[in-house]
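Remarks on the structure that follows.
Just so you know, all these numbers are worked out from the coordinates, no wet-lab data involved. These figures come from a predicted structure and were not determined experimentally. With ideal geometry, Cβ positions are generated from the backbone for all residues, glycine too; neighbour counts draw on all protein chains shown.
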Amino acid sequence: MPIKTQKDNTFIFELKNFEAGFSPLAHLDSLTERGVEGSASAMTNADILDGLLTQGPALTNLTGTVSELINFILDTPTANNVTYGIGATKLFKISATAVSGDSPFPHTITNCTDGESVAYLKGVIYYFYNLAASGGIGTYDGDTTFTDDYNVTLQKAPHPVATKEDLMLFGNGRYVGTFIDTGAVLDVDKLDFGTNYEVADIIFHGNYWYIAVNGGISGTNRSTGQIYLYDGGATESILADETGVGIQKIGFLYVLDGIIFVAYQDLSSTGGYNIGYILGRQIKKLASFTGGLPNFAQKTLYKHTILFVAGGSLWSFGAVSPDLPAQISQIADGGYTTVGALASPFGTPMVASTDGENYRLAYFKNYDTTTTWKSVVMPCTFGRMKGYIDEISVLTRVLGANAAGTLTIEANQTVTTSTSKTISGTGGRRFVFTGFGLGGIEDFRIAIALNGNATNPCKIRKISGKGHWVEG
């Protein structure tokens, strides 16, 4: 608890080390009192990864025309400054700052109704998509030749894909398909998980394929999630092992530092979206988040953390240093309301989104000016006594021109709000505030809004305050 009692009828509090991220219970209670001095009960578009409270990354559109939502972007380049994405009907060629409009791109895929994923294997681009009643695989030689109907016998389903050396595994509804480049051997239903099961994601790690499968009736019904291990050679028709998450739905798998992380959803819990990792035959839950369950196309690496989509926002899980505990935070906006693919093929994250009429593909650049952060709630009653806030000081990094933020106190379960105090002034680094317009209060939290400048951020180092008790 950040608040500390003094012996002379006073109390003090300090908020620092913001890399703590969300309080462990923030996903269930936005007025939670649980947490440490840097824990947040709520935040939007805040970068706390380095321990400072900073504006999150802003988005800048790539140049070029995007005429549909891009559903998947290949997270590794196929050549210098070149990668590919797939939308509802088209294959896109993408650089770090532009979506190509040079012939033959964007390429319209014959009869495609829903692009799913892209893979690169032995110099060939493979793109997976759905048709009106089935699924297909197309190929592109990297020059001028597209073969949209390389195979059109897949299920109409999500098609996560992973590659290793000369092998490719892909989801095909209830099946896992395999492709061996040597001899071009394609088997679209190598593994069969049965009726009402669907492959959610596939990754390769430690000489095994990890296959996430969800089972259950489609719709709003509860799902059973299983993660299966399959031999790296992809020649057998039996599985090596399995790990279950129980009656929970799996979103994605991701490998970081040799650890396999899992995003999954508990439909029995409000805000029941979780990140955990595989430990033997267990899933160890690490943190929870809100907004929605990300899929296989909505994960990437950012500053040594897992960046992922949840609803219309981007979240970060992990730590930038092994000396720091893992955090979870809502770090950036996703663009328009509906967010599609997320990837970092050139090191800087890029994200696709749509509002139903307009489409964009944008990358991280500069700073967001809608950042908010709120501490956990701190009770300040003492018997018949209520708390009275006397003074709050804010320490920042040296502020550049137009860098700014505001501070308010939300008291009495946020029913009462103080007057707003402005954090601004070129060259400033210490700001002391008094006179908040509050009487005796029962509890409070500090609310910060960072909204000054897109290129000169306001970076907060510490917030501290003192108060005393009054009878009331």
Report summary line: Given the candidates Gly177, Thr144, His304, the one whose Cα lies deepest towards the positive end of the charge dipole of the range 58-365, counting +1 at each Lys or Arg C-beta and -1 at each Asp or Glu C-beta, is His304
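Over the range 74-136, what per residue volume does the convex hull of the Cα atoms give, in whole Å³?
On the way: hull volume 5.2 nm³, N = 63.
Roughly 82 Å³ of hull volume per residue.
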Report summary line: With bins of 5 Å, the percent of all Cα-Cα pairs of the range 114-245 per bin from 0 is 2, 11, 21, 24, 20, 13, 6, 3, 1, 0
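Given the Cα-Cα distance of Thr153 and Asp189 and 0.36 nm per residue of separation, how much length would full extension add, in nm? Write down the numbers at each step before the final one.
On the way: separation 36, 0.36 × 36 = 12.96 nm, distance 1.01 nm.
Full extension from Thr153 to Asp189 adds 12.0 nm.
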Query raised in the report: Cα-based Rg (one decimal) and Dmax (whole number) for the range 227-289, in Å?
Result: 13.0, 42
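For the residues Cys458, Cys380, what sequence is obtained by ranking on other C-beta atoms within 10 Å, fewest first?
Values: Cys458 30, Cys380 23.
Arranged by neighbour count, lowest to highest, Cys458, Cys380 become Cys380, Cys458.
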Query raised in the report: Per the Kirkwood definition applied to all pairs of different Cα atoms, how many angstroms is the hydrodynamic radius of the range 1-125?
Result: 18.7
**Report entry** Charge dipole (the chain, unit charges on Cβ, about Cα centre) - positive-most of Val124, Trp469, Tyr273
**Finding:** Trp469
Report task. Mind sorting Trp209, Trp373, Trp469 by how few other Cβ atoms lie within 10 Å of their own Cβ, fewest first? Result -> Trp469, Trp209, Trp373
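Taking the inverse of the average 1/r across all pairs of different Cα atoms in the range 200-314, what Kirkwood radius in Å do you get? Spell out each step's value before the answer.
Details: mean 1/r = 0.0690 Å⁻¹.
Evaluated on the range 200-314, it is 14.5 Å.
Output the direction-averaged projected area (hull surface divided by four) of the convex hull of the alpha-carbon atoms of the range 355-397, in nm². Let's see the in-between values first.
On the way: hull surface 28.7 nm².
Average of the hull's projected areas for the range 355-397 equals 7.2 nm².
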**Report entry** Kirkwood Rh in Å, taken over the range 332-472 so that all alpha-carbon pairs contribute
**Finding:** 17.4
Query - the range 251-321: C-alpha gyration tensor shape, a/c 1.5 cut-off, then a/b vs b/c - result: oblate
Query raised in the report: Label points 7 Å out from Cα along the Cβ direction at Asp102 and Lys284: separation in nm?
Result: 4.9
Requested in this report: Please work out whether the range 302-381 counts as rounded, prolate or oblate from its C-alpha gyration tensor, where a ≥ b ≥ c are the square roots of the eigenvalues and a/c under 1.5 means rounded, while otherwise a/b larger than b/c means prolate and anything else oblate?
Outcome: oblate
Requested in this report: Just need the relative contact order of the chain here, percent rounded to a whole number, with Cα pairs under 8 Å and 6+ apart.
Outcome: 16
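Could you compute the FRET efficiency for Asn358 and Glu33, with r as their C-beta to C-beta distance and R0 at 51 Å, rounded to 0.05? Could the numbers behind the result be given before it?
Details: r = 42 Å, r/R0 = 0.81.
Computed FRET efficiency for Asn358 and Glu33: 0.75.
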Report task. If a/c stays under 1.5 just call it rounded; otherwise compare a/b with b/c (prolate if a/b is bigger, oblate if not). Do that for the range 258-409, with a ≥ b ≥ c from the square roots of the Cα gyration tensor eigenvalues. Result -> oblate
Query - Percentage relative contact order, the range 129-230, counting C-alpha pairs under 8 Å, at least six apart - result: 17
Query raised in the report: Using a Förster distance of 45 Å, how high is the FRET efficiency between Thr10 and Leu256, based on the Cβ-Cβ distance and rounded to 0.05?
Result: 0.50
Query raised in the report: For the chain, what log10 I(q)/I(0) values come out of the Debye formula at q = 0.05, 0.08 1/Å, with one point per alpha carbon and no solvent?
Result: -0.22, -0.53
Query raised in the report: Using +1 on the beta carbon of Lys and Arg, -1 on that of Asp and Glu, and nothing else charged, what's the dipole of the chain about the Cα centre, debye to 20?
Result: 1760
